[in-house]
Each structure stands twice: as structure tokens, then as C-alpha cells.
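These notes are about the structure you will find just below.
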Amino acid sequence: MLPLMDKVGLELSLLSKFVLACQSSRLADAAKDLGQTPPALSIALHGLEERLGLRLFERRSGGLDLLPSAFWLFRSGSHLLYLEQHAREAHNKPGRRLIKLSIELDLNFAIGRVSKALLRTAQQMIAIFPELLVDWHFAGLDDDDIGDPTGLAGSEKLPDKSGHLRIFYGDAVNTGPGALRLYDDPWIIVGSKGSRVDAFHPEEHVTLLRMRREILDAMTVFATERGFADRLRYRDEEPNQVSAILRDHPQLRLLMPANLMPRRLGLTRHVEAPFSPRFVSSLYGEASGAAGRYGKAFLDVMRRNLIEEQSAVFTPLLTTRQIHFFNLVAQTGSISAAARVANTAQSSASKHISQMEEAIGVPLLLRTEEGATLSPFGQEVRTQTVGIEERQDWIIRKAYDIAAHSEARVTIGTLPSSGHDSALTEKIAHVMTRIYSRHPDWQLQIVESSNTMLHERVRSGDLNLALVGMVHSQVARISLGPTEPLCVIGNPTINFGGRKEFRLEDAVALPLVLGRHHLSIHQSFADAARERSLRVKSVIEVGSLALAIAMVRQAPLCTILPASSVRADIEAGNLVAVPIRQEEVSGALSVIFSADRELSEAERIIVQEFVRVFRPSRGAAPIDMPGD
């Protein structure tokens, strides 16, 4: 799970606005449906981009165009919104097993008639079969998804029986007898605004984009039979990119099923007309598995929803914090324990749980003097809220990964700076300015945090890379070599007896001002002392290295730092530095990143540059990284 402070950033209500906006021809239409002004909705969508660190739209004078990242978020976000609605409305009988219906859509993805009908059908089935939980994916697109978004994979609620649906383009001759014809999708000619598409002249070429093999083959056979196969051209680009294709190549005439040119954001600057001679691709659905009656019922409802293209509207009532607190109570066994884990007041946690119960309409907890246990309904909801929270965390991690690959947007974490002129700060500055000079269009962000928090943020996907001292498990690492030697930094009024070096056992006996355990430099000093069974006790504990330095300047106190951190003070006589024996306290720097994904080209270049600067003996030689 992401840290609680990140749980506020991606609210389901904001995601629902995005999903509705994508299904609308104009932003003004979505704003009207939401009861907002277009500028207010535009600000909200920009806030979503900022939260995810990912561009979703291309803003042009004529409106917004959807980028490929928007299609990914639509698929992932709409499923998350469905899970919230199911958790809130299903009210399945306690103890009754949930039934999972898996749907494979062997189709090109489009925010159009089929996807809208799919979402509306999934919503309507909640009232018809509250025990049914639907999972869907588009073939070839969601293979790297979170896995089981329903949250049932590892649950005792997993049914003995589950159903499977396949939705595909077919024909009456080659389709099995159990398949149900859902919709006849007519083909159309599409062109840039102002072009003639209402007449197919014999000398004109038409272009087919990358589509499912079944319908491409069917059109090729039809063209051969009708004598225009020599006028077909092919482009290896997705139909989702039709706006950019027509903008860059306005002379093209595109031939495709009407479902791939739906009413959605970014598709208002084109013209279309029915293709003549008329050609239709039929959409079929076929149910299999032990839960067949659910699949057949789903197909019947979806066939009715396909008659008219209508947007699926989600109105989530549960908030991210409510879901998180509920999951924490289930884990810890009481509201007070959940509040302690979240570092918040018990009254705040209790308020969020009560609001969640009010939104769902049933009690989720049984409250006693000993704590809180899940009610029967709470146990049912719990099987889904875990999946909701995991999926939300996955969306944030995946968004950062997409941004790193598609936009060279990289967020790098470093340990707290111990001084503006320290060797570490200088080297990091050298790396980043060199990267900027070579790649000025890259979007780089540097953040400082403790060693422990840097690891957590890398694992959660909030950071792409991080420079750390002690390396924890569950991350990939590349060593950058030893850290700068640590010294006792003291006020010049302290008599060190002319020492040229301190042993660790003598250093721990000094009047030390140290940071809390999250400051990596002091943590490595404390760890080295602990290995030798030495007790470190600071006379004053501070929250930052800067404050420790300021106090040592003003009083007969000491702290532990690399000498370069206070070089100017040493030269001015404000402080003195005595090295600690290197063999007794030594550390290493590493750059870490998630082991669960492949680094982008930008991330690889940045890692190589860190190695070049911190380990100059390696030069610019390539290094082995996971995924190579």
C-alpha cells in the first residue's frame, strides 16, 4: 500500500469525471452532465494529470485530444469505479459465495459503443445478480495489468464455479451454435474535416489501420470479391490514434467499423459516411464455464445496451481514505489501532468509517469495548476493498512508469543534504546539470527524504530512482561505491587533545547532537556502534542536519558528518573536524529502483551518469541492469 498521505491524491470522484469526459464528444457536454462549468472540469482533469505525473491530453485550439495514456487510464479507472459501485450496492447475502465472470474482448479497444455498453451492463448486473462480480480485459492490451482486479484470487470467497465470456467479431458460417449475435457493426469511410467521404471513387485509395485479424481478413475477402482490393492500403497504427493520423495526413481516407469512430473526446474534427458497397462486421458473444446462466444473462443485457450508444456514468460515494481506514481496522482489529497506524486521531478514523457505513447503508463493524470486528456485511465488502486499494496503488505506480517511458519524466530521491557544498551534493548537482544540458526536454524532479522513506517510495512507485545509504530488501540496486568518510564535527572550544583520529568507542562518548533514526548519516554511525555493542546517546535529538550544525557552532557540542558538509565553517575556524577510523564506520551509496519493472531509456541514462560521476574508474562503460 502507498503511504496514507498519498491516499488523498487520487480520489475516485476525480477519476469518474475523467471517465465521463472521455466518453463525451466535447468537454462542455461532460461538464453539463456533471453540473460544472467547463473551466472547472478542465482544472480537475489537469489536477489528475499532476497527481499521476502523466499527460493524458493534448490541448489544442479546437479542444482536447486523448493521448495513449488516457486510453490506458480509462480502461483501468473504469474497472476501479465498477468495483467501488459493486462494493457499495451489491449487498450480497452474508455467507453467499461471490461468482466471478471473466470477459475477454477479442477486439480493438475504443471508447465507443462496445466499451460503453460493457460498462453499463456491468453496472446493471449489480442489481440483477448482486453475487456476480465481473472482470474484463481487452486481448493484448491488459496483459501486464494488476492481475485479478476483483480481489478474489487469494480469497476464501473464490467460487467453485466461475463463468467466462468471449466477445469477438465473427460470421454466421464460422461461429459456433452457442454464440449470440450482439450487434452488426457497419463499416464507414472517415476523413479529415472538409474532405469528401460520401462517394467512393474508383481511382481513390482507402486505408486500413491495425485491427483484429478476423475483420481485416473479412474486409480483404470482400474487397477481392467486389474488385477493389488493389485500392486498399495499410498503416501499422492503432485506430485510437485516428485524430493524429488525420491531422498529419489529411489526404487519407480511412476504412473501419463504426465502433472505432465513436462519440468521444477528441473526435469532432473529422467527417464520416457509410461505406458503399455496404459491409458489416457482426459482434458475437459466447459463454462458457460452470456459471453459464450469468454469462447468458450478461449477453442479453449487453445486446440491448448496444442498440444505442450511451455513456456509462459512475457516481462513487466512497473515498480513498474511507476505504483505507476500513482496511486498516480489518487488519488491526480496532479503530484506535488503525488510527495509530495511520498516525491520525481516533475520532478522524471513526468518522471516516461511519461515513462509509452511511454510504453503503449497512453496518460494517461490530463495535465492542474490546475493539471492532467486521460484521457479516463488512466481511463481504472487505473482499473487494482490498482489491480496490491494491488497484488504486497499481494505477499510481503504472502511471509513473508510463511517464518515465513516454515522456522521460523521472523523479529521483536523495538523502537529506548535509550542506550546500558537501561532496555528495556537488556530485548530485553535477549529474543533474549534465543530464539537463544533454536532454533539456526531460522532466526531472529531485526530492529529499530519509533512507527508509526513499525505499518505501521506490517500492510504491512514487519515485523512479533513489540514492540511498543502507539498502533494504525488495529493491534492485547498483552500487556507487563508498560514502565520504565520517568525522566528528565539533565546536572549537572542545579540547580534543590534538587527536588526528577518533575510535568509535571514543566518539560515542562525546556530547553528540544527532538526528533521528531516519537521517541516513547518523543511522550508519549508530549501526556501526551497535555492531560493536556500543551505546549511542545523543544529548540533543534534532530533525535535520542543518539544525545540528547550527547548534554545534554555538555550543560545546559535536555531531557526525562528512567534513565536506561544513568545509566553509572549518576554513573559517567555526568548527573542527576529526576523522573516525574508516574501518570502524564505513558506508556505501547505491542507486535503487523497483525490481518489478523495466527501466526506461531516460532512467538508464541517469543511472549510467551516476555511476560515471561516483565511480570515475568505471568511465562510461555500460553496466548490467535488470531487464538487460
Open item on the list: Yes or no: the range 244-259 includes at least one residue that is closer than 21 Å to F109 by Cα, at pLDDT 90 or above, assigned to a strand (DSSP E or B) and touching a Leu at 6+ places or on another chain (Cβ under 6 Å).
Closed with: yes
TODO: Could you list, in sequence order, all residues of the range 39-89 that are in contact (Cβ under 8 Å) with a residue 60 or more places away in the chain and assigned to a loop (DSSP other than H, G, I, E, B)?
DONE: G53, L54, R55, G62
Open item on the list: For the range 488-499, check the following and say yes or no: at least one residue is open to solvent by 30 Å² or more (accessible area, probe 1.4 Å) and at positive phi.
Closed with: yes
Open item on the list: Contact list please: Cβ distance under 7 Å, first residue in the range 558-583 and in contact (Cβ under 8 Å) with a residue 12 or more places away in the chain and part of a helix (DSSP H, G or I), second residue open to solvent by 50 Å² or more (accessible area, probe 1.4 Å) and basic (K, R), pairs at least six apart or on different chains.
Closed with: D569/R553
Open item on the list: Give me the helices (runs of 4 or more DSSP H) completely within the range 363-473, filtered to those with at least 3 residues that are closer than 30 Å to S76 by Cα, ordered by residue number.
Closed with: 376-406, 451-460
Open item on the list: What's the number of the only condition in (1) touching a strand residue (DSSP E or B) at 6+ places or on another chain (Cβ under 8 Å); (2) of a type outside the set (V, I, T); (3) without any contact (Cβ under 8 Å) to a residue 40 or more places away in the chain that A550 fails to meet?
Closed with: (1)
- [ ] Answer yes or no as to whether R264 is open to solvent by less than 20 Å² (accessible area, probe 1.4 Å), more than 30 Å from G176 (Cβ to Cβ) and at pLDDT below 90.
- [x] yes
Open item on the list: Given the criterion assigned to a strand (DSSP E or B), more than 19 Å from I111 (Cα to Cα) and of a type in the set (S, T, Y), identify the matching residue among T207, T220, T224, T175.
Closed with: T207
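Residue by residue, here is whether (1) free of Cβ contacts under 8 Å to residues at least 24 places away in the same chain; (2) in contact with a helix residue (DSSP H, G or I) (Cβ under 9 Å, 6 or more places away or on another chain); (3) closer than 24 Å to S544 by Cβ; (4) not hydrophobic (A, V, I, L, M, F, W, C) holds:
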position: A429; (1), (2), (3), (4): yes, no, yes, no
position: P440; (1), (2), (3), (4): yes, no, no, yes
position: S449; (1), (2), (3), (4): no, yes, yes, yes
position: E456; (1), (2), (3), (4): no, no, yes, yes
position: V468; (1), (2), (3), (4): no, yes, yes, no
position: E484; (1), (2), (3), (4): no, yes, yes, yes
position: G497; (1), (2), (3), (4): yes, no, no, yes
position: E501; (1), (2), (3), (4): no, no, no, yes
position: A507; (1), (2), (3), (4): no, yes, yes, no
Open item on the list: One residue is enough: does the range 274-286 have a residue meeting the conditions surrounded by fewer than 20 Cβ atoms within 10 Å (Cβ to Cβ) and at pLDDT below 90?
Closed with: yes
- [ ] Determine which member of the set R26, R75, R55, R59 is open to solvent by 40 Å² or more (accessible area, probe 1.4 Å) and at pLDDT 90 or above.
- [x] R55
- [ ] Sort out which residues of the range 179-199 are over 39 Å from the mean Cα position of the chain (by Cα) and either among the acidic types (D, E) or surrounded by fewer than 12 Cβ atoms within 10 Å (Cβ to Cβ) (or both), and write them in order of number.
- [x] G194, D198, A199
Task: Of residues in the range 584-617 being modelled with pLDDT under 85, not in a strand (DSSP E or B) and not charged (D, E, K, R), the one least open to solvent (accessible area, probe 1.4 Å) - done: V585
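Condition check ((1) at pLDDT 90 or above; (2) under 15 Å from N327 (Cα atoms); (3) open to solvent by less than 50 Å² (accessible area, probe 1.4 Å)) across all residues:
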position: K351; (1), (2), (3): yes, yes, no
position: Q355; (1), (2), (3): yes, yes, no
position: A372; (1), (2), (3): no, yes, yes
position: A403; (1), (2), (3): yes, no, yes
position: H420; (1), (2), (3): no, no, no
position: S437; (1), (2), (3): yes, no, no
position: L463; (1), (2), (3): yes, no, yes
- [ ] Report, by residue number, each residue of the range 375-401 that is more than 30 Å from D462 (Cβ to Cβ) and open to solvent by 20 Å² or more (accessible area, probe 1.4 Å).
- [x] P376, F377, Q379
Open item on the list: Based on this model, can you work out whether I353 counts as in contact with a Ser or Thr (Cβ under 6 Å, 6 or more places away or on another chain), farther than 30 Å from V114 by Cα and of a type in the set (A, V, I, L, M)?
Closed with: no
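The values are calculated or read from the model by the stated rules, or taken from the named source; none is laboratory data. Note that the coordinates shown come from a computational prediction; the quantities given were computed from them, not determined experimentally. Cβ atoms come from the backbone with ideal geometry, glycine included; neighbour counts cover every protein chain shown. Side chains included, ligands, DNA and RNA excluded: accessible areas come from the protein's heavy atoms. Shrake-Rupley method; radii C 1.70, N 1.55, O 1.52, S 1.80 Å.
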